[in-house]
Amino acid sequence: MTPALRPMPNQPWLQLRYTLWLALLWALLACPGAWASSPALQLSDEKRAIDAWPAVKLLSDPSRQLSVRDVLPLADKFTPPSSVGATLGVRPDAVWLRIPFEVASTSDAQWILDINHSDLNHIDIYLTTGGYLVQQATLGSLHPYTQRPLQSRSHAIPLNLMSGLPYELLVRVETRGAMILPISFYKPAAMLSKAVNEQMLQGVLTGLALCLLVYSLGQWLSLRDPLFIYYTLLTSGSLLFSMHLFGVGRQFLWSDSLWHEVHMGGISALLATCGSFLFIGQALAEPESNSRFLRFMRGGAVLCVLLAVAYGLDLISTRAIAAIVSILGLVPALMGIPGAARRAMRGDGVGTSLLLAWLVYFVATAIVIGVINGKVPVNFWTMHSFQFGATLDMLLFMRVLGLRTKALRLEALDANRERDVMRSLAHTDPLTGLPNRRGLNIALASALSRCSPERMLAVYVMDLDGFKPVNDQHGHDVGDELLIAVTRRLQGHVRQSDLVARLGGDEFVVMAGQLHSLQQAQELGHKLLDAFRAPFSLQNVRVEVGLTIGYAIAPHDGNDAIGLLKLADAAMYSGKQGGKFCLRRNTGDLALSSS
């Protein structure tokens, strides 16, 4: 007959006497074969960490009404779990776990029980020996964090043990998610080491996600490309889901906020799915065939927002939202695969990166599903498979952002180049490459703003003598070649700071600034005339053309671009009428005729 369940006395000397009496009772009355059907774990200090799952047996409680008093007499009803690892899948019932163990006589009896999965709603722990309750605790994500025996990320409790005694641990678990139950016994130092290592890992992965998030947000503020804000949404959702799944959020952010603990998993998963819809839709958008695809992806994002609002208002249950997310989360990738494959076949890095990211995602998801269904054993790698997969996905999606930034930069360079070409075409003569009338006016207006009596500006308007006969006799090709040769000769006889322009036909303009005297302006005009005394050799043709120049000087003759050009042009026409091959300033200057 099972002894009556009653709590251990609180007085230390009574507790010691009570424990010694229990040890004697077990030595005299316990049946030698009582533990044969359920091998007990040996807690020895030589093993700093001991996996409890090999000794676990379970009892289902569909009514969720069984108490520890009801369960104690049902030891023979407990059966080994059918799963291959420390997981029982998603189930609606409550589950009782029975773990028999013995504390070695050489042990200091300081042990910690740890259930290393934070997303378990209700956990009741009963430590018994000889059918007597010696310790009881309530844990779980829906219980106040500040009331936990250990303020840890996982569900952990120090056990009140005595060396050399056998114990039985009864654990009642009830949760709306997956019953993933990696149960272990740790020495305090080993528990601390494990906790520190896990916190360092979570810190590195969380820090990396925060860096990616801040970078994408900064790029969005700078470039205003929606792809970056969509990446921010995706990364934020993935980060919050990982923090919820591994208990970091409960530990550091929303400690005793029951609403956050209940809703954060579903809302963060919907946020990540919403960002995924928008990010993939924008990344794979193609102008020729993206309207229907984009509408669908944006519709999926809107659906995620509506579901998140409904779940936050408790209009949808946690179990229902988990089922919805498990299906909806795959849709963006499945919809994007055809477009990504087409891009990958064209050698586009965006398509390759997305396909690789989805391969990682599907592998990680398959592992998680295997863990939940008890087909894949629970260990460090399988427990963190989703988090590692999400981190690799974020890095691969960041490569997509990098390729997008490169594409935007190339587009900007092409636009600038095209703008420069259009500007050049608008301000440049296409045959000679010289500034045309528009380009000359801009340069002249700028130069006039800087001229003064001490720094004069001369404008020379010149027309070729004898160009039309050459063009008529030898054809337009030779005529064009002659104009190019004239351009080179003019440029070779002016200063580097001077400007040579072509107004059209055989009419050219030279603008010379920084002149200190009228004599210097006249000398430059004579130099240009002298340059045309030598003939031009064009292909197999040797031709001679002269030059008639009219010029005006600012500010002496005016300080207006149009006025100066008119004065210089009038002087040039006066020279044409007076015999050609001459230099004239205004209409009253004497011509310099060719000899």
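The values are calculated or read from the model by the stated rules, or taken from the named source; none is laboratory data. Everything quoted here is computed from the prediction, not taken from an experiment. Note that we place each Cβ from the backbone using ideal geometry, even for glycine, and neighbour counts take in every protein chain shown.
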Query - Criterion (closer than 18 Å to Leu278 by Cβ and either surrounded by 15 or more Cβ atoms within 10 Å (Cβ to Cβ) or among the small types (Gly, Ala, Ser) (or both)) met by exactly one of Leu355, Leu328, Leu306 - result: Leu328
Report task. Report yes if Glu261 is among the acidic types (Asp, Glu) and either closer than 21 Å to Ile337 by Cβ or outside the structural domain of Pro332 (by TED's automatic domain parsing) (or both), otherwise no. Result -> no
Report summary line: Residue count, the stretch 252-271, condition touching a residue at least 60 places away in the same chain (Cβ under 8 Å) and assigned to a helix (DSSP H, G or I), comes to 5
Requested in this report: Determine, yes or no, whether Arg455 is farther than 30 Å from Trp53 by Cα, of a type in the set (D, E, K, R) and not assigned by TED's automatic domain parsing to the domain that holds Leu529.
Outcome: no
Requested in this report: Would you check which residues across the stretch 144-171 are farther than 22 Å from Ala49 by Cα and either surrounded by 19 or more Cβ atoms within 10 Å (Cβ to Cβ) or over 37 Å from the mean Cα position of the chain (by Cα) (or both) and list them?
Outcome: Gln147
Query raised in the report: Is it fair to say His556 is surrounded by fewer than 14 Cβ atoms within 10 Å (Cβ to Cβ) and of a type outside the set (A, V, I, L, M, F, W, C)?
Result: no
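Okay, residues lined up against (1) assigned to a strand (DSSP E or B); (2) of a type in the set (Asp, Glu):
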position: Arg488; (1), (2): no, no
position: Gln491; (1), (2): no, no
position: Gln496; (1), (2): no, no
position: Val510; (1), (2): yes, no
position: Glu523; (1), (2): no, yes
position: Gly575; (1), (2): no, no
Report summary line: Within the stretch 507-525, the count of residues that are closer than 16 Å to Cys582 by Cα and surrounded by 13 or more Cβ atoms within 10 Å (Cβ to Cβ) comes to 8
**Report entry** Test set (1) modelled with pLDDT of 90 or more; (2) under 21 Å from Gly300 (Cα atoms) - Ala323 fails condition number
**Finding:** (1)
Report summary line: Log entry, pairs with first residue in the stretch 527-543 being surrounded by 12 or more Cβ atoms within 10 Å (Cβ to Cβ), second being of a type in the set (D, E, K, R), beta carbons closer than 6 Å, six or more apart or on different chains, reads Ala531/Arg489; Leu538/Glu481
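Does Thr138 qualify as being surrounded by fewer than 18 Cβ atoms within 10 Å (Cβ to Cβ), part of a strand (DSSP E or B), on the phi < 0 side of the Ramachandran plot and among the β-branched types (Val, Ile, Thr)? First the steps, then the outcome.
Numbers: surrounded by fewer than 18 Cβ atoms within 10 Å (Cβ to Cβ): yes; part of a strand (DSSP E or B): yes; on the phi < 0 side of the Ramachandran plot: yes; among the β-branched types (Val, Ile, Thr): yes.
Here the answer is yes, as Thr138 does meet what is asked.
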Query raised in the report: Within the stretch 151-208, which residues are within 25 Å of Thr318 (Cα to Cα) and part of a loop (DSSP other than H, G, I, E, B)?
Result: Ser152, Arg153, Ser154, Thr175, Arg176, Gly177, Leu181, Pro182
Report summary line: When (1) of a type in the set (S, T, N, Q); (2) part of a loop (DSSP other than H, G, I, E, B); (3) in contact (Cβ under 8 Å) with a residue 12 or more places away in the chain; (4) within 18 Å of Tyr126 (Cβ to Cβ) are applied to Ser60, the one that fails is (2)
Requested in this report: Answer yes if at least one residue in the stretch 369-378 is in contact (Cβ under 8 Å) with a residue 24 or more places away in the chain, over 30 Å from Ile50 (Cβ atoms) and not assigned by TED's automatic domain parsing to the domain that holds Asp51, and no otherwise.
Outcome: no
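Tell me which residues, restricted to the stretch 282-301, are part of a helix (DSSP H, G or I) and touching a residue at least 40 places away in the same chain (Cβ under 8 Å).
In the first step, residues of the stretch 282-301 are kept if they are part of a helix (DSSP H, G or I); the result is 282-283, 291-301.
Matches in the stretch 282-301: Gln282, Ala283, Phe293.
Being loosely packed, with under 14 Cβ neighbours inside 10 Å and either assigned to a helix (DSSP H, G or I) or outside the structural domain of Asn559 (by TED's automatic domain parsing) (or both) is the filter here, so list the residues in the stretch 458-483 that pass it. Give the steps one after another, and end with the answer.
Of the stretch 458-483, the ones loosely packed, with under 14 Cβ neighbours inside 10 Å are 468-469, 472-473, 475-477.
Selection gives Lys468, Pro469, Asp472, Gln473, His476, Asp477.
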Report task. Mind counting the residues in the stretch 325-351 that are over 25 Å from Met264 (Cα atoms) and outside any helix (DSSP H, G or I)? Result -> 3
Query raised in the report: Somewhere in the stretch 493-503, is a residue at pLDDT 90 or above, among the acidic types (Asp, Glu) and surrounded by fewer than 17 Cβ atoms within 10 Å (Cβ to Cβ)?
Result: no
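Here is a yes/no grid of residues against (1) farther than 21 Å from Ala357 by Cβ; (2) crowded, with 16+ Cβ neighbours inside 10 Å; (3) modelled with pLDDT of 90 or more; (4) not β-branched (Val, Ile, Thr):
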{"site": "Ser385", "(1), (2), (3), (4)": "no, yes, yes, yes"}
{"site": "Leu392", "(1), (2), (3), (4)": "no, yes, yes, yes"}
{"site": "Val400", "(1), (2), (3), (4)": "no, yes, yes, no"}
{"site": "Arg404", "(1), (2), (3), (4)": "no, yes, no, yes"}
{"site": "Ala412", "(1), (2), (3), (4)": "yes, no, no, yes"}
{"site": "Asn416", "(1), (2), (3), (4)": "yes, no, no, yes"}
{"site": "Val421", "(1), (2), (3), (4)": "yes, no, no, no"}
{"site": "Ser424", "(1), (2), (3), (4)": "yes, no, no, yes"}
{"site": "His427", "(1), (2), (3), (4)": "yes, yes, no, yes"}
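Could you tell me whether Gly578 is under 25 Å from Asn471 (Cβ atoms), small (Gly, Ala, Ser) and either touching a strand residue (DSSP E or B) at 6+ places or on another chain (Cβ under 8 Å) or surrounded by 14 or more Cβ atoms within 10 Å (Cβ to Cβ) (or both)? Quick ask: steps written out before the conclusion?
Working: under 25 Å from Asn471 (Cβ atoms): yes; small (Gly, Ala, Ser): yes; either touching a strand residue (DSSP E or B) at 6+ places or on another chain (Cβ under 8 Å) or surrounded by 14 or more Cβ atoms within 10 Å (Cβ to Cβ) (or both): yes.
For Gly578, the condition - under 25 Å from Asn471 (Cβ atoms), small (Gly, Ala, Ser) and either touching a strand residue (DSSP E or B) at 6+ places or on another chain (Cβ under 8 Å) or surrounded by 14 or more Cβ atoms within 10 Å (Cβ to Cβ) (or both) - is met.
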Requested in this report: Six or more apart or on different chains, Cβ under 6 Å: which pairs go from a residue in the stretch 404-416 that's under 19 Å from Ser216 (Cβ atoms) to one that's modelled with pLDDT of 80 or more and of a type in the set (A, V, I, L, M)? Could you list them?
Outcome: Arg404/Leu227
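A quick yes/no check of all residues on (1) without any contact (Cβ under 8 Å) to a residue 24 or more places away in the chain; (2) aliphatic (A, V, I, L, M); (3) more than 30 Å from Ile112 (Cβ to Cβ); (4) not in a helix (DSSP H, G or I):
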{"position": "Ser216", "(1), (2), (3), (4)": "no, no, yes, no"}
{"position": "Leu221", "(1), (2), (3), (4)": "yes, yes, yes, no"}
{"position": "Ser236", "(1), (2), (3), (4)": "no, no, yes, no"}
{"position": "Phe241", "(1), (2), (3), (4)": "no, no, no, no"}
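Matching residues to (1) within 20 Å of Arg502 (Cα to Cα); (2) at pLDDT 90 or above; (3) among the hydroxyl-bearing types (Ser, Thr, Tyr):
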| site | (1), (2), (3) |
| --- | --- |
| Ala531 | yes, yes, no |
| Ala554 | no, yes, no |
| Gly558 | no, no, no |
| Gly563 | yes, no, no |
| Ala571 | yes, yes, no |
| Gly579 | no, no, no |
